[in-house]
There are 2 protein chains.
Amino acid sequence: MARIVQKFGGTSVGDVARIKNVAKRVKAEVERGNQVAVVVSAMSGVTNQLVAYCNEISPMHDQREYDAVVSTGEQVTTGLLAIALQGLGMKARSWTGWQIPIGTDDAHGKARIESIDGEGLIRCMEAGEIAVIAGFQGITGDNRISTLGRGGSDTTAVAVAAAVKADRCDIYTDVDGVYTTDPRIGATARKLDKITYEEMLESASLGAKVLQTRSVEMAMKHRVRVQVLSSFSDAPGTLVCDEDEILEKELVSGITYSRDEAKVTLVGVQDQPGVAASIFGPLADANINVDMIVQNTSREGTTDLTFTTSRGELDRALKVIKESMKVPYASIVTDKSVVKVSVIGVGMRSHAGVAQTMFKALADRKINIHIISTSEIKVSVLISEEYTELALRALHTAYGLDAA
Amino acid sequence: MARIVQKFGGTSVGDVARIKNVAKRVKAEVERGNQVAVVVSAMSGVTNQLVAYCNEISPMHDQREYDAVVSTGEQVTTGLLAIALQGLGMKARSWTGWQIPIGTDDAHGKARIESIDGEGLIRCMEAGEIAVIAGFQGITGDNRISTLGRGGSDTTAVAVAAAVKADRCDIYTDVDGVYTTDPRIGATARKLDKITYEEMLESASLGAKVLQTRSVEMAMKHRVRVQVLSSFSDAPGTLVCDEDEILEKELVSGITYSRDEAKVTLVGVQDQPGVAASIFGPLADANINVDMIVQNTSREGTTDLTFTTSRGELDRALKVIKESMKVPYASIVTDKSVVKVSVIGVGMRSHAGVAQTMFKALADRKINIHIISTSEIKVSVLISEEYTELALRALHTAYGLDAA
């Protein structure tokens, strides 16, 4: 017997027929002899409607009231799924965030889970009852309802899995696993059986969008084994797990990309100590995320300094620089037609030459690299957006990832 | 300064524009220098949608899960109204049933309020904050969400008013008060300034449908002054209050009617001790409400026994009688084309001849009376449904209730 936490997103519980379908999947898991807790999102469209109401009444609304409103979507799904499970002859009951309780900080709208009392849930499951849990929500220290922000149900599922010491957390979604690259672009993309937390984290934050970043961080921290699989098929998914559990490690597990990149170059900056601080200090103060940073060596007392930020923050970043830049510079050049392509793999730690394979594959296709950035398990390059598909396919082949 | 509880029903908060409108009314009350708590229903249509989901998944659903689902409608309205009030510069916060808490028994779907902790609400109001409260819901002893049944928000409002020792409970609705009769039928119906709890209770249970019966019972028990008024006009409403507060008592305050009546006559029942018990015992056991009962005097050892029940329960009532009736009888005759017309007034206690005025007015119009039933402050008659309007108008005039 195993203890499993399952999570179904908004599309999977989008209407009454789909909720009934989810109930069948949950029942099947119980019939395999397992204890089951299910975390659900709001029916698709419901949260958007509730958010729209809040914005319509007042765009600058109180986040505590926003949370009271939008958290109801998940509560509805829990009740309906419990009813559907009972209709299949199963014992089941719904749990809101405050009933468990799932304690969070008071950052309403994007709260962080601080504690989960697993007692009630474990008692429920040990009595042969399926615990149906509202995702995305919790309760603050002063008894107000909080929400975790978009995609927060993944985090709820992983946190609950940690709290009830589950053997596995199955995240049902509209894709059937984690691929070596975006299947819509790389036609030969291959589904991975397993991927490490570290790789998944790089992948999530680099735009693969399968799991919410925070949920992967939490899974890594508590060593929760997470499986990503489709709620519309019976194919096996991808297991996100500890490196030790992966026997056949691949050098590179995936090629990802992110289009939400904008490049800013300060040309002819006077080269003196404190230049970088004078630029990035004000940007950090203004809460603007800066990703890749490159500073060229000095030439005739000036240097060029380039960094990337998200496209949505570009205008704000320029405003901050123009207002706060103390060091003389010649001009600012921006480019929104760039894309970041990354090669990810824990195998890099022990193998040299991984980056070189990337640079050669791109050079062979005459793709110019604007910026390079590396970490322990990834190499990222910024290139012109028009080469996105070409680069992805070339790298996918170069690292031997193509499906047979 | 007074402390006021206001209640707005589903039509009054039916969309974002109407919620903003309600916020203006609440603000106006605060600006008159009063402390205000507001009880709200779900936006119109929302509860029906949620109920439909439950029924679609399983008609025999768990009432506890039903409550978890349908209680969300009110929660959404509280958050939205709090946002709207803040948008007008007011301090406001939402309260769910479990946050207050409003304790109920565990009769899910039709729970009764057992206790309300007014502490938090009073503290909120005394700090100059408007308490926006979810109607229709509470929490059971084992931490599950309960609902009070349809129309339960009126009861919540009155119970909250009692708990916070409010000076008045204003029930905003789609009619602007309590009339001497149904304005749709009696064109000359007059709005009452005041009505006693007892009269309102008779009126509510006899089908006037302005306030939920249970809320009037609770108001009477705790002596909460309740005002019924329109959320769409500024006209003064009707105050439901203690008899002492009404200086100019009228003999009769209203003429009401109920179409939901069915008549059952057992013809030629053998007249022996225990006949009534042998009929009404089994009906009570089957939870069938019996209203008027008439037994004629015996003739040649047999008697006719007539009673009324609601139309929806008629078939079940007949089944129960046929299966359980031990005493011989000749036949059963039923009639669904009947209506109960009632004359209500606390003045009856001290005045004779009230019933006679009714009988004469009906006789003058050649309206035949099937059954008569009286209580301390009302006289009800069962007549053929086709005479409903004629009877109401005749009685309205006979008791001097017509508007000038």
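The values are calculated or read from the model by the stated rules, or taken from the named source; none is laboratory data. Keep in mind it's a predicted model, so treat the numbers as computed, not measured. Note that each Cβ is placed from the backbone with ideal geometry, even for glycine, and that neighbours are counted across all protein chains shown.
Odds and ends about this structure:
- Counting only strands (runs of 3 or more DSSP E) wholly contained in region A:1-99, no element carries 3 or more residues that are more than 19 Å from residue A:125 (Cβ to Cβ), free of Cβ contacts under 8 Å to residues at least 40 places away in the same chain and within 11 Å of chain B (Cβ to nearest Cβ).
- Pairs are defined by a Cβ separation below 7 Å, a sequence spacing of at least 6 or placement on different chains, a first member in region A:282-304 that is under 18 Å from residue A:371 (Cβ atoms), and a second member that is charged (D, E, K, R) and surrounded by fewer than 16 Cβ atoms within 10 Å (Cβ to Cβ); the pairs so defined are A:288/A:316.
- Considered as a group, the residues in region A:329-356 that are of a type in the set (Val, Ile, Thr) and under 30 Å from residue A:300 (Cα atoms) include one that is surrounded by the fewest Cβ atoms within 10 Å (Cβ to Cβ), and that residue is A:333.
- Applying the criterion of being touching a residue at least 12 places away in the same chain (Cβ under 8 Å) and under 34 Å from the mean Cα position of the chain (by Cα) to the residues of region A:265-280, the residue that is surrounded by the most Cβ atoms within 10 Å (Cβ to Cβ) is A:279.
- If only residues of region B:313-326 that are surrounded by fewer than 16 Cβ atoms within 10 Å (Cβ to Cβ) and modelled with pLDDT under 90 are counted, the one that is farthest from residue B:271 (Cα to Cα) is B:324.
- Residues (part of a strand (DSSP E or B) and in contact (Cβ under 8 Å) with a residue 60 or more places away in the chain) located in region A:382-401: A:382
- Selected residue [under 21 Å from residue A:204 (Cβ atoms) and at pLDDT below 95] from A:378, A:360: A:378
- Pair list, Cβ under 9 Å, 6 or more apart: region B:237-256 residue touching a residue at least 12 places away in the same chain (Cβ under 8 Å) and farther than 24 Å from residue B:388 by Cα, other residue among the aromatic types (Phe, Trp, Tyr) and part of a helix (DSSP H, G or I): B:240/B:197; B:241/B:197; B:242/B:197; B:243/B:197
- Residue match in region A:163-183 (condition: acidic (Asp, Glu), within 13 Å of the chain's Cα centre (by Cα), farther than 19 Å from residue A:133 by Cα and outside the structural domain of residue A:21 (by TED's automatic domain parsing)): no
- Being assigned to a strand (DSSP E or B), touching a helix residue (DSSP H, G or I) at 6+ places or on another chain (Cβ under 7 Å) and closer than 20 Å to residue A:188 by Cβ holds for only one residue in A:379, A:341, and it is A:341.
- Hits in region B:100-117 (condition: in a strand (DSSP E or B) and of a type in the set (Gly, Ala, Ser)): B:103, B:115
- When residues of region A:100-111 are limited to those that are surrounded by fewer than 21 Cβ atoms within 10 Å (Cβ to Cβ) and not charged (D, E, K, R), the one nearest to the other protein chains (Cβ to nearest Cβ): A:101
- Residues satisfying the stated conditions in region B:283-330, i.e. within 28 Å of residue B:342 (Cα to Cα) and of a type in the set (Lys, Arg): B:311, B:316
- Scanning region A:215-227 for residues that are under 17 Å from residue A:244 (Cβ atoms) and either among the β-branched types (Val, Ile, Thr) or assigned to a loop (DSSP other than H, G, I, E, B) (or both) returns A:223, A:224, A:225, A:226.
- Scanning region A:93-117 for residues that are within 25 Å of the chain's Cα centre (by Cα) and among the small types (Gly, Ala, Ser) yields A:97, A:103, A:107, A:109, A:111, A:115.
- Any hit, region A:136-150, residues being in contact (Cβ under 8 Å) with a residue 40 or more places away in the chain and touching a Pro at 6+ places or on another chain (Cβ under 9 Å): yes
- Residue that is at pLDDT below 95, within 24 Å of the chain's Cα centre (by Cα), surrounded by 20 or more Cβ atoms within 10 Å (Cβ to Cβ) and farther than 17 Å from residue A:130 by Cα, where the choices are A:47, A:72: A:47
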